[in-house]
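Quick note: the coordinates plus some simple rules give every number you see, no bench work behind them. Quick caveat: nothing in here was measured; it's all calculated off a predicted structure. Here the Cβ positions follow ideal geometry from the backbone for every residue, glycine too, while neighbour counts run over all protein chains shown.
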Amino acid sequence: MKNVSTFQCPLCGFTGPEGFKLYYRGEVTLHRCRRCGFVGQFLTSASIAEDHQSWCSEKTLAASAGFLYPQMRRLHQDTIRRILRRKGSPRLLDVGCGDGHFLHWCRRAGIEAVGVEYNEAVAARAAATTGAPIIRGRYEKNLFGPKEFDVITFIQVLEHLPDPRAAVEAASHHLRGEGLIVIEVPSIRSPHFLAYGATGIKWFVRPPAGVIKWHVAYYSPRTLRRLAESAGFRTLQLVTGRWGCKYSGLLGMIGRLADPLLNLTRVGGIHYIGVKQGCCS
Ligand SMILES: [Zn+2]
């Protein structure tokens, strides 16, 4: 196992042998930064890059008809409605676009959208199914010029990145003045993790509902907000839960009733919108 003393918190920069507390050990090992509360696997960039290339094989893609996670449709459409309420006809970049599912709904809503995807097979699928321009590669500052986009989205992406601060700072560089950053991540304040935190019983976070091997970071509303604001964004909206649009039928009805409570207590997956600060752009 990697020596804890070599960890550096990607959120607050804290480092040191006593800086990180073991949070979970099972399928993966998670540590919690004692200074800012960020929870992560603290893997090397190289091992994560390898995972990103292998997480979805051509065989998996061939077996799936259409999009890999069609149950996300309502959530994507909700996100797009929230974007369009703030930006009329934006030029949008979707970072880590995966199979292009979110891009598909963006384009259906009339949004000019571009994707970036690191996994080669998945990027090819996204290009073929959406017709959108897809750039195959790692998202970083030199991928685009300054101020090229009105909106940059990270939909279920930041939990996969070893250096989320660099990604969010790159987004700030690529956004025009008053541009929006939109982030969605699973939360360490999900019912699974809250139950685990309260009891220490690992059963509550058993995969695939709780701990997910591919996720290197678990955000809370506080740590996500800190990440965005430290890169120069002002928080416009932070919503948690959204079970009403996540589920359909009876579960969806229960979700709509439960959502105000989930949001009040900051429980459930996080949706964040921030605006780029600064003038003269
Ligand atoms: Zn930290």
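For the reader, a short list of remarks on this structure follows.
- Per-residue ellipticity at 222 nm computed for the chain from its helices equals -10500 deg cm²/dmol, with DSSP H segments shorter than 4 residues left out and the rest contributing -39,500 (n - 2.57).
- Order of Trp243, Trp203, Trp214 - criterion: other Cβ atoms within 10 Å of each residue's Cβ, fewest first: Trp203, Trp214, Trp243
- Residues Leu84, Leu264, Leu251 in ascending order of nearby Cβ atoms (within 10 Å, fewest first): Leu264, Leu251, Leu84.
- Using θ = phi - 60° in the Karplus curve 6.51 cos²θ - 1.76 cosθ + 1.60, the 3J(HN,Hα) couplings for the stretch 70-81 round to x, 5, 7, 3, 5, 5, 4, 5, 5, 4, 5, 4 Hz; x is entered for Gly and Pro.
- Amide H partners (placed H, <5 Å) of Val114, local residues excluded: Leu92, Leu93, Asp94
- The chain: relative contact order as a whole-number percent, Cα under 8 Å and 6+ apart: 17
- Summing +1 for each Lys or Arg and -1 for each Asp or Glu among the other residues whose beta-carbon sits under 12 angstrom from that of His173 gives +1.
- Ordered by the number of other Cβ atoms lying within 10 Å of each residue's own Cβ, fewest first, Ile134, Ile212, Ile181 fall into the sequence Ile212, Ile134, Ile181.
- Spatial separation of Cα centroids for the stretch 78-95 and the stretch 236-261, in angstrom: 20
- HN-Hα J in Hz across the stretch 85-94 - Karplus 6.51, -1.76, 1.60, θ = phi - 60°, x for Gly and Pro: 5, 9, 10, x, 9, x, 8, 10, 10, 9
- Build a GNM of the chain with springs between Cα atoms under 10 Å apart, and of Ala109, Ala209, Ala228 the one that fluctuates most is Ala209.
- Contact order normalised by residue count of the stretch 81-134, Cα under 8 Å, 6+ apart, percent: 36
- Taking all C-alpha pairs of the chain, those more than 26 Å from each other amount to 43 percent.
- With K and R counted +1 and D and E -1, the other residues having a Cβ less than 11 Å from that of Arg266 yield a net charge of +3.
- Within-10-Å neighbourhood charge of Leu92 [Cβ basis; K, R +1; D, E -1]: 0
- Sequence-distant residues sharing a close amide H with Ser187 (under 5 Å, placed H): Gly269, Ile270
- Built amide H within the under 5 Å cut-off of Glu178, gap 5+: Lys276
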